[in-house]
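The values are calculated or read from the model by the stated rules, or taken from the named source; none is laboratory data. Keep in mind that this is a model prediction, so the values were computed, not measured. Here the Cβ is made from the backbone with ideal geometry for all residues, glycine too, and neighbour counts use every protein chain on show. Calculation scope for accessible area: heavy atoms of the full protein, side chains included, ligands and nucleic acids excluded. Shrake-Rupley method; radii C 1.70, N 1.55, O 1.52, S 1.80 Å.
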Amino acid sequence: MRVALAVVVGIAASACFELDPRTDAGIGDRPEGVIAGQIAIEAPAGGFALSAAPRPIARRAVSPATQATSKVPLEWKAGDALVLFEPRAFDATTLAPALTRMLGTAELAGVTAEVVRCSAQRFCKVVLRGQDRAVLGSDATALAIAALDKAREPGVKAVARNLKKHGFRTPNDELFGFQWDFDFIHMNAAWDISVGDPNLVIAVVDSGLVQAHPDINARIARDPVNNTLVGADLISDDGIDLDDIAGRDTNPEDPGDQLFGAQSSFHGTHIAGTIGAETDNAGEGIAGITWVGQLVPVRVLGDHLSGYDDDIIDGLLWAIGDPDVQGVPRNVKPAKVVNLSLGGPTEPGSQQIWDDITQSIFNDTTNRYPQHPLIVAAAGNSDEDANGIVPANCAGMITVGASNINGVRATYSNYGSVIDIMAPGGQAGTDLNSDGQDDAILSLVGMEYDLREGTSMSAPHVTGVVALLLSANGTLTQAQAEGIIKSSADNRGICSEGCGAGWLDALSALL
């Protein structure tokens, strides 16, 4: 597959780094596909460049002495024990009385051990039962095995739980090898815990979506009544609305924004791809952070990737199912998670509006939004304190800065006390993993694929991980999700100018 790329536009100004480069960034195997051409870089404009069902792991209390060093929690089969012994020291017949003696030594009254089968003249599978002949439960199994292991007969080397293993999930998408950002946040291991919730709705409030792209179309939410795609265009200003329908409508198609002259960024499509490109779909394109779930595109940015507060706020409100947004029917698929990769400078009046609206969402005492939506915002790309950028600076917002492939704050990324977490945003002009491509973020653009850099690209990484958190616990509040994202972060990503809790770690967050 050849991937058409856009034209280089500009590179953000440099900045001082405050931590050593990351040394464990994954390189990965280079896939067979070749990306040919120049990458598209989003240049700051006006001070801010808008740049399978879940498989939860059963977590059980484990003695520190027996807990594995891996971050992945142990699973084991209730009632099962594996008995390892010296070669040819036992067989099924001779192991049974030895186990009876071990049960006595361990003072496990009422517990019996049934030898099921033996292999390689080295170990046997044993089933442990209680007084009523019922197989021991998980916790009782763990306690019994720990006691038996301490009461080993001569020749017995170990008594162990029958632990469950999982294949490490790696999607078969053709261009996945170029997605260094997923390796950076440990997505492969995170996918072994969850790939998402098919019923969870994620809204991308942005420039719309190229809905026909084969790597995203099946992920767009459908109206349960007529099976039509769900989305909306909230742009009311004809001066920036570049589509062929004047005013607001129900078609969120991104017609292009001419951000790069004759070229367009297809910004919302790129963001949606990171969150939810079709994944593990017979080698097609890229992978998304969520493999299942429903995406709702909301178009609020038009010409040169710009939009006004009234349309953007209405787009946010429509996305979460507010009944009073004018010009379009009510959203039949209210979002549980919203991505806002947009923003700009603020002033007191505008700030008060944004603060009031976001607080009414986060502290919804009237149950106006019964799904209790969570919102993620990009910090901005102007290499300044994000405290002056809205909606990034709204209280309670999950605000995301951008790091490069080494985990260092990207030169363009905003910083400061309002940053909660850093996530991969890419850094053009470098190829530190030697894959032949700039270290930007690969995702969908138009009907093709392209590389972009920006906090707009970092925010959807967090949005996707928040969606995975909700697949494990759908009751999480905005504050709880933010707390998990921050407490599980890799603190090597902390910087003196303000990079939040550090680097996003999807695996640690899910655990």
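Observations on the structure shown:
- Yes/no for G239 being at positive phi and not in a strand (DSSP E or B): no
- Only strands (runs of 3 or more DSSP E) whose full extent lies in region 77-184 are considered here, and the ones with at least 2 residues that are within 34 Å of the chain's Cα centre (by Cα) and at pLDDT below 95 are 156-163.
- Residues located in region 343-374, provided they are open to solvent by less than 30 Å² (accessible area, probe 1.4 Å), out of contact with any Pro (no Cβ under 8 Å at 6 or more places or on another chain) and under 22 Å from Q294 (Cβ atoms): D364, L374
- For region 83-102, residues that are open to solvent by less than 20 Å² (accessible area, probe 1.4 Å), touching a strand residue (DSSP E or B) at 6+ places or on another chain (Cβ under 6 Å) and within 15 Å of V127 (Cα to Cα) total 3.
- Yes/no for L148 being touching a helix residue (DSSP H, G or I) at 6+ places or on another chain (Cβ under 7 Å) and within 18 Å of A78 (Cβ to Cβ): yes
- Subset of region 385-417 (residues that are assigned to a loop (DSSP other than H, G, I, E, B) and of a type in the set (G, A, S)): A392, A395, G396, G407, A410, S413, G416, S417
- Per-region count, region 428-456, residues of a type in the set (D, E), in a strand (DSSP E or B) and within 25 Å of P214 (Cβ to Cβ): 2
- Selection status of G273, part of a loop (DSSP other than H, G, I, E, B), of a type outside the set (D, E, K, R) and surrounded by 24 or more Cβ atoms within 10 Å (Cβ to Cβ): no
- Any hit, region 451-468, residues being open to solvent by 30 Å² or more (accessible area, probe 1.4 Å) and within 25 Å of V201 (Cα to Cα): no
- Counted residues, region 224-259 - those being open to solvent by less than 70 Å² (accessible area, probe 1.4 Å), hydroxyl-bearing (S, T, Y) and closer than 17 Å to G315 by Cβ: 1
- Restricting attention to region 279-290, the residues being open to solvent by less than 50 Å² (accessible area, probe 1.4 Å) and either more than 20 Å from H186 (Cα to Cα) or not hydrophobic (A, V, I, L, M, F, W, C) (or both) number 6.
- Each residue in region 292-308 was checked for being charged (D, E, K, R) and at pLDDT 95 or above, and 1 of them qualify.
- Qualifying residue in region 283-305 (condition: of a type in the set (D, E), in contact with a Lys or Arg (Cβ under 9 Å, 6 or more places away or on another chain) and part of a loop (DSSP other than H, G, I, E, B)): no
- Screening region 470-497 for residues that are in contact with a Gly (Cβ under 6 Å, 6 or more places away or on another chain) and part of a loop (DSSP other than H, G, I, E, B) and picking the one that is least open to solvent (accessible area, probe 1.4 Å) gives A489.
- Applying the condition of being open to solvent by less than 10 Å² (accessible area, probe 1.4 Å) and β-branched (V, I, T) to region 391-418 and asking which residue is nearest to S456 (Cα to Cα) yields V400.
- Against the criterion of being open to solvent by 70 Å² or more (accessible area, probe 1.4 Å) and on the phi > 0 side of the Ramachandran plot, Q121 qualifies.
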